[in-house]
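Read-outs: derived from the displayed coordinates by stated rules, not from any lab. The model shown is predicted, which means the values in this text are computed figures rather than measured ones. Please note: Cβ atoms are built from the backbone with ideal geometry, for glycine as well, and neighbour counts cover all protein chains shown.
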Amino acid sequence: MKHTATLSDALKLGLTEPEWHAICGIQGGEPTYVELAIYSLMWSEHCSYKHSRPILKRFPTSGPRILQGPGENAGIIDVGDGWAVAMKIESHNHPSAVEPFQGAATGVGGIVRDIFTMGARPIVSLDSLRFGELTEPRQRFLLDGVVGGIAHYGNCLGVPTVGGEISFEPSYEGNCLVNAMCAGLIRADNIVRAIASGVGNHVVLIGSKTGRDGIGGASVLASQEFDETLEEKRPSVQVGDPFTEKKLIEACLELLGRTLVVSMQDLGAAGLTSSSSEMASKGHVGLDIHADRVPLREQDMEPWEIMISESQERMLTIVTPEYLADVQEVCDRWDLDCTVIGAVTDSKMLRTYWHGELVGDIPARRLADEAPVVRTPPVRPAYLVDDPVAVTNETYPQPPDLGAALLELLAAPNIASKRWAYEQYDYIVQANTVQIPGSDAAVLRIKGTRRGIAFTTDCNGRHCYLDPYRGGKAAVAEAARNLSCVGALPVAVTDCLNFGNPEKGEIAWQFEQAVEGMAQACETLETPVVSGNVSFYNESFGNAIYPTPVVGMLGVYDDVAVHMDHRFKNEGDVVLLLGAADAAFMDGSEYQKVRFGRVEGRVPDVDMELEKALQAVLREAIHRRLLKSAHDCAEGGLAVALAECAIASGATGGGASADPEARSPRFLGAQIELSTAVSRADLGLFGEGPSRVVVTVAPEQEHAVRELAGSVPVTRLGHVAGTSLVIGVNGRHAFDIPVPDLYRAFESLPVHLT
Amino acid sequence: MSNSSRVRFGVVVFPGSNCDADSYHALTTFPGVTASYLWHKDTSLGDVQAIVLPGGFSYGDYLRCGAIARFSPIMRAVTSFAQAGGLVLGICNGFQILVEAGLLPGALLRNTGLKFICHYVNLRVETTATPFTRACSEGQLLRVVVKHNDGNYTVDAPTLERMRTNGQIVLRYADAKGGTGADANPNGALENIAAVCNETRNVFGMMPHPENSVETALAGGGDGRHLFQSMIDHLREQAS
């Protein structure tokens, strides 16, 4: 039974020769096959963060509100009145690229478990998604499957999916990104950490039976690039059962709420192996696991398969003997398996037994916290340039019809309404949703208080490609700006760092630069990183994705009643631009890509002091109820931001009809006269730059806003008026488009999907 | 208000119910109303005066929606309660369960768009002669959210004719102007039917979610209150 493994076994499992020798050193000889299988998972990039650990130390991770930083299943932030929010974002890119529906569904399941493992009730999900261009049938298949999988799992659980983002770039064609974020509410004094303790306590496995699904998910899928063997990897993808997860949520929250368990850890990547070694390592204890006692879905499973299976909807708990019967009773009531599979020991070893025989014996610390670190020397990629592009009439001819250019941008998949996707998600269950998807951030109330919380996810991969440092910084700045636009104070970050193969110098350079940019922005904005995930090897056939460090951010309200949206509200309101009026650039813009088919240049650097001041002004103005609407100027520039405010003015939130007039009684347009120092009208309208927000105010409040703004530039753009968006630039008429026409262009995404 | 005048609701919890807490919460926003949970394995309803079967995915709904839940022990008690004239409100999955249990006519098929849908709809009140809509006015539009995979109501022609005659079609999907054309139909439901009641008018099923529209501070608005208020008024009148 006790097979000894060989170097060639190790190489097949993805370990390197130096790692093999290190393992032999720790084990005092050649490991058993069970031991080797365990090492191969725990030392994989996905579980060990061996390429990223030293660099992640750059992030600020603490602050007065932070109750739990990185290192647990989720970060936890104090949000007032004794309440705290647990949050985390995690990638499920590789499984989703192989099997989009189940890959995305189990991504949601995994991140939700991370939240309720801490004792928090999951109250909101967001999803940040990236695909190749929708003109490719496979990309439409992936989008359809991923959105369907998220809907299937999240809707069944009753956790509202209230926000997120979807964008499309050719670089994601062979490797889509599916980043799922979840947050939960918990009383600040009830936090549970995944630390095993109490020698003699039971190790109890709760939830689904264990099968062969997902064996090697972390090592086979998430720690290698994709090639023509993609289809062969389908068996490595797990299958989700949201019904069992729903029961698991209720049962586990009851167990934690009644303090019937000592601690809890979900079974994620590397299954029983990672959960047991992490719990043991954190508690400085050992765990004995009897693999033969694990309830199985398939007969004849080998002990190593049982130890690394990634079957979903399972929880590992530590239970004192006196509460075991109570734990059994709760699980019976919810029709969940509940099995004692081992015990806590003082050995500090993770020991695996098979029908009484010891088949694996590894120091827990070595697995969970001491995987070898790998440092790839960074190499600055040759494609990078130092200067912005020269916008000339030869390289970038100005379009003759600026109105047509706006409609083209509104219909571009990256800008167009994602209603097709978010209307497949239950975004209102749990009765906390204050603001539905489609605005700058999701807003929820906290029941029984005046408080509220807001969430967003942001990252412009194209900007990060053109300059990872500036792009990383801008992703944090934009996430915070989105929260400030709805009136919430940004307080913490969870990040999902999606990159290519870290064994390549260029990727290592992109990673370090992006982290540096993000860290600086987090420091200035006082938004520490409390949790997150690194996803490397996002490559197919040797081509890496754009560096995509997705920022998930939490904002808080003392009084959620002040929350703001971007809809134009009243005829006659003054339209103002807060921030850098002339900061409108071609480089990395949606306009550059859609109109000219290019991605080039160098994105501008965010002036963090201006950014911080702008956001403070915005929040204060919202708090004093001076504003009617606020909207971040992002993809598509000023003209698209104005168009979105006009489109949203009539959309009171969904409806069956595709006809704008039947959906909404009225739309509000605007009369805009833009004076700009930017060289060309099209750049002034569609160029992109950071730190710009469009707001509307009642005419009598304009003065108060200008006073409040201080050093932050305020530019008057015009008025909310009529039912058309009418824009002139430097005294010349640019276009006059009825809002329902803008709406039709903006809502044209489903056309690509039929 | 004396304790005896409090109106007592029971909210049934099946494994997989996920709007049970929202229904409970919605009821507690009405003064003088108490709500309690009833477990699917219970065989008695206690002293409640009205039952809510909430939305969700009972038993996962991996088969036909509601097909397993209707065999739950509590459904025997719910059926007796309904046959004795007790008020039963089924929302979404609750509606599907009532149809599966034979307490309401018709069936709920997969949405014609083959996708889960979640968005606001306008509901036109077709009749106020029910304990569930008596606080509304005829033709009133209620803005409430739908969220379901299988809300495409259908029924055979003779039954439909009987339902029309009896005024059992209670709510229809409408556009912003009250029109009930195909354009306003989110899921393919026959004649835009969103809610129906039984012949004795005490069992009511609806696909949209009034429990998510009871607070104007939230995105859902407050239009769902009219339906709960109707039930509460009816129960108070009965008790007095």
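Using the eigenvalues of the Cα gyration tensor, what equivalent ellipsoid semi-axes result for the range A:106-206 when each is taken as the square root of five times the eigenvalue, whole Å, largest first?
Working: eigenvalues 234, 44, 27 Å².
Value: 34, 15, 12 Å, ordered largest first.
If each DSSP helix of 4+ residues adds -39,500 (n - 2.57) and the sum is divided by the residues in chain B, what number results at 222 nm, nearest 500 deg cm²/dmol?
Using -39500 (n - 2.57) per qualifying helix, the result is -6500 deg cm²/dmol.
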Considering the range A:89-129, what Rg and Dmax in Å follow from its alpha-carbon atoms? 10.7, 32
How large is ³J(HN,Hα) for each residue in the range A:512-526, as worked out from phi by the Karplus curve 6.51 cos²θ - 1.76 cosθ + 1.60 (θ = phi - 60°), to whole Hz, x for Gly and Pro? 5, 5, 5, 4, 4, x, 5, 4, 4, 5, 5, 5, 4, 8, 6
Can you pull the mean other chain C-beta count within 10 Å for peptide A:418-431? 6
Which of the DSSP-defined H helices in chain B satisfy a minimum axial length of 27 Å, computed from C-alpha atoms, and a minimum mean Kyte-Doolittle hydropathy of 1.6? none
Angstrom value of the Kirkwood radius, inverse mean 1/r, which spans all Cα pairs in the range B:173-220: 12.6
Radius of gyration and Dmax for the range A:518-628's Cα atoms, expressed in Å? 18.6, 56
Residues A:Phe131, A:Phe141 in order from fewest to most other beta-carbon atoms within 10 Å are A:Phe141, A:Phe131
With r as the distance between the Cβ atoms of B:Thr159 and A:Glu526 and R0 = 51 Å, compute the FRET efficiency 1/(1 + (r/R0)^6) and round to 0.05. 0.20
Packing-based exposure ordering (other Cβ within 10 Å, fewest first) of A:Asp632, B:Asp47: B:Asp47, A:Asp632
Just rank A:Ile191, A:Ile737, A:Ile545, fewest to most, by other beta-carbon atoms within 10 angstrom. A:Ile191, A:Ile737, A:Ile545
Between the alpha-carbon centers of the range B:62-139 and the range B:165-181, tell me the distance in whole angstrom. 16
With r as the distance between the Cβ atoms of A:Arg732 and A:Thr392 and R0 = 22 Å, compute the FRET efficiency 1/(1 + (r/R0)^6) and round to 0.05. 0.60
Rounded to whole angstroms and listed largest first, the alpha-carbon spread of the range B:6-239 along its three principal axes comes to 44, 37, 35
Pairs B:Lys41/B:Lys115; A:Lys247/B:Lys41; A:Lys473/A:Lys628: which are spaced more than 23 Å apart, C-alpha to C-alpha? B:Lys41/B:Lys115; A:Lys473/A:Lys628
Kirkwood hydrodynamic radius of the range B:16-145, Cα pairs, Å: 16.0
How much length, in nm to one decimal, is gained on full extension between A:Thr16 and A:Thr135, taken as 0.36 nm per residue of separation minus their Cα-Cα distance? 38.8 nm
Compactness of the range A:1-148, expressed as Rg and Dmax over alpha-carbon positions, Å: 20.1, 58
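Would you mind computing the Rg to Rh ratio of the range A:395-546 from its alpha-carbon coordinates, Kirkwood style for Rh?
Reported Rg/Rh (Cα atoms, Kirkwood Rh): 1.03.
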Cα convex hull of the protein assembly as shown - mean projected area over all directions, nm²: 39.4
For the range B:111-163, what is Rg from Cα atoms divided by 2.2 N^0.38 Å, rounded to two decimals? 1.38
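Please report Rg over Rh for the range A:491-560, where both radii come from the alpha carbon positions and Rh follows the Kirkwood definition.
So for the range A:491-560, dividing Rg by the Kirkwood Rh gives 1.09.
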Among the listed pairs A:Lys12/A:Lys50; A:Lys282/A:Lys504; A:Lys447/B:Lys147, which have their C-alpha atoms separated by more than 24 angstrom in this model? A:Lys282/A:Lys504
So what's the convex hull volume per residue for the Cα atoms of the range A:1-49, in Å³? 65
Show that you can apply the helix-only estimate: for chain A, add -39,500 (n - 2.57) for every DSSP H stretch of four or more residues, divide by all residues, and state [θ] at 222 nm to the nearest 500. -10000 deg cm²/dmol
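Can you give the relative contact order of the range A:577-732 as a percent, counting alpha carbon pairs under 8 Å and 6+ residues apart?
Once divided by the residue count of the range A:577-732, the mean separation gives 40 percent.
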